[in-house]
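Notes for the one structure printed next.
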Amino acid sequence: VLGWFYVYPVYRLPSDKEIVEEVLGLGEVWQKNQTGIDLYRTLLTECCNPKWMFSLTKENSPIGKVLWYDGEFYHSHTVNNETYSIFVQSNPLNFPLKKCAVVGNGGILRNSRCGQEIDQADFIMRCNLPPLTKKYMEDVGTKTHLVTANPSIIEKRFQNLLWSRKSFVDIMKAYGSSFIYMPAFSMKPGTDPSLRAYYALADSSSNLTMLFANPDFLHSVSKFWKSRGVHGKRLSTGLFLVTLALGLCDEVTAYGFWPFSVDLQEKPISHHYYDNILPDKWFHAMPEEFVKLWQLHKSGALRMRVGHCP
Ligand code: CDP
């Protein structure tokens, strides 16, 4: 059956309504496709080598290596004694990762009751230090193995960690002993706050492990999607994580990816499960990304949960 991907001779992004109709049309049916999973793992290994590249390690980034910022032109950082000393020795994940859950922050998660299912995954990834309080537990779960933290969050929510670090350290306890994945070398102004976040955790004997995103990896993943028609200025955090998961995990389920203003019953929903602060429209291309993710869902390479969990 041809969906809206093929109907229009001149490509145009489907409207929210068309997407709702398409998703409803397919229903809950989903069939895993091992060939599709293997194909994506091979493509991603070839372009981006996630197992070796996803974070900066002492092994892949020795002293003297030049790191080119992926979010800015002609800015670089040369690894020195200080930066080298805060990189992990080598890839810290235990492969193979079996069932992975990637949790986006979409408002579609509200009242989804997906928490239990998410918590049953072997490896759970979340975006941008989302709230995991009791209020949301039933819908989003409680466990985390890797969570991203954008340096801009450090700036906005924690006064750049130039004042008290207590509220940061306290809030981070919600993520147990997971990995914090920070793009410290994507934009120049993000480096210092990221290093402060590292030291705030280290000085408080936190159980969390800081991983710095490797700008070469972020760059190669962007190129991978650009060549497949995702045109945003920057990929969304969620698409990065799904891509990472496709490269590392045996099976991927994505939750909370639904950048539309209505749910499947066409009831209005908030942008995030915890607030309704909208993104800068021109920065990411979330609906376009959704179309890609939905294609992967239809082909059986990953599973998207966009409604209620059983
Ligand atoms: O940093 P960014 O603005 O990309 O992310 P966020 O708003 O914290 O949400 C995390 C991720 O969830 C996004 O990067 C998107 O991939 C996804 N998301 C979505 O698909 N639909 C929404 N309504 C909100 C977020």
Residues that are open to solvent by less than 30 Å² (accessible area, probe 1.4 Å) and either more than 10 Å from the ligand (Cβ to nearest atom) or more than 16 Å from the chain's Cα centre (by Cα) (or both): does segment 273-281 have at least one?
no
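Of these, Gly256, Gly229, Gly247, which one is on the phi > 0 side of the Ramachandran plot, touching a residue at least 24 places away in the same chain (Cβ under 8 Å) and surrounded by 22 or more Cβ atoms within 10 Å (Cβ to Cβ)? It would help to see each step written out before you state the result.
On the way: Gly229 fails: surrounded by 22 or more Cβ atoms within 10 Å (Cβ to Cβ); Gly247 fails: on the phi > 0 side of the Ramachandran plot.
Selected residue: Gly256, the only one of Gly256, Gly229, Gly247 that is on the phi > 0 side of the Ramachandran plot, touching a residue at least 24 places away in the same chain (Cβ under 8 Å) and surrounded by 22 or more Cβ atoms within 10 Å (Cβ to Cβ).
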Out of all the residues in segment 203-218, which are out of contact with any Leu (no Cβ under 6 Å at 6 or more places or on another chain) and farther than 14 Å from Thr83 by Cβ?
Asp203, Ser204, Ser205, Ser206, Asn207, Thr209, Asp216, Phe217, Leu218
Subset of segment 1-35, residues at pLDDT below 85, charged (D, E, K, R) and open to solvent by 80 Å² or more (accessible area, probe 1.4 Å), comes to Arg12, Lys17, Glu28
Any residue that is touching a Cys at 6+ places or on another chain (Cβ under 7 Å) and either within 14 Å of Val306 (Cα to Cα) or near the ligand (Cβ under 10 Å from one of its atoms) (or both) - is there at least one of those in segment 255-268?
yes
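Against the definition (farther than 30 Å from Asp192 by Cβ and in a loop (DSSP other than H, G, I, E, B)), how does Asn94 come out, yes or no? Working first, answer last.
On the way: farther than 30 Å from Asp192 by Cβ: yes; in a loop (DSSP other than H, G, I, E, B): yes.
So Asn94 fits the description; yes.
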Scope segment 229-254; condition more than 26 Å from Gly107 (Cβ to Cβ) and either in a strand (DSSP E or B) or within 16 Å of the ligand (Cβ to nearest atom) (or both); matching residues:
Asp250
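Ser220 - would you say it is more than 16 Å from the ligand (Cβ to nearest atom) and free of Cβ contacts under 8 Å to residues at least 60 places away in the same chain? First the steps, then the outcome.
On the way: more than 16 Å from the ligand (Cβ to nearest atom): yes; free of Cβ contacts under 8 Å to residues at least 60 places away in the same chain: no.
Taking the combined requirement at face value, the residue does not satisfy it.
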Could you tell me whether any residue of segment 291-304 is near the ligand (Cβ under 8 Å from one of its atoms), in a loop (DSSP other than H, G, I, E, B) and either open to solvent by 40 Å² or more (accessible area, probe 1.4 Å) or at pLDDT 90 or above (or both)?
no
From the option list Leu43, Leu24, Leu67, Leu39, single residue qualifying as touching a helix residue (DSSP H, G or I) at 6+ places or on another chain (Cβ under 6 Å) and either assigned to a helix (DSSP H, G or I) or farther than 30 Å from Trp258 by Cα (or both) is Leu67
Arg234 passes all but one of (1) of a type outside the set (Ser, Thr, Tyr); (2) buried (at least 20 other Cβ atoms within 10 Å of the Cβ); (3) closer than 20 Å to Val147 by Cα; which number fails?
(2)
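Is it fair to say Gly107 is closer than 20 Å to Leu129 by Cβ and out of contact with any Phe, Trp or Tyr (no Cβ under 7 Å at 6 or more places or on another chain)? Talk me through it step by step, then tell me what you get.
On the way: closer than 20 Å to Leu129 by Cβ: yes; out of contact with any Phe, Trp or Tyr (no Cβ under 7 Å at 6 or more places or on another chain): no.
Considered against the rule, which asks whether it is closer than 20 Å to Leu129 by Cβ and out of contact with any Phe, Trp or Tyr (no Cβ under 7 Å at 6 or more places or on another chain), Gly107 comes out as no.
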Given (1) open to solvent by less than 60 Å² (accessible area, probe 1.4 Å); (2) more than 19 Å from the chain's Cα centre (by Cα), where does Gln265 come up short, assuming only one miss?
(1)
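The values are calculated or read from the model by the stated rules, or taken from the named source; none is laboratory data. Just so you know, these numbers come straight off a predicted model, no measurement behind them. We place every Cβ from the backbone using ideal geometry, glycine too, and count neighbours over all the protein chains shown. Heavy atoms of the whole protein, side chains included, go into the accessibility calculation; ligands, DNA and RNA do not. Shrake-Rupley method; radii C 1.70, N 1.55, O 1.52, S 1.80 Å.
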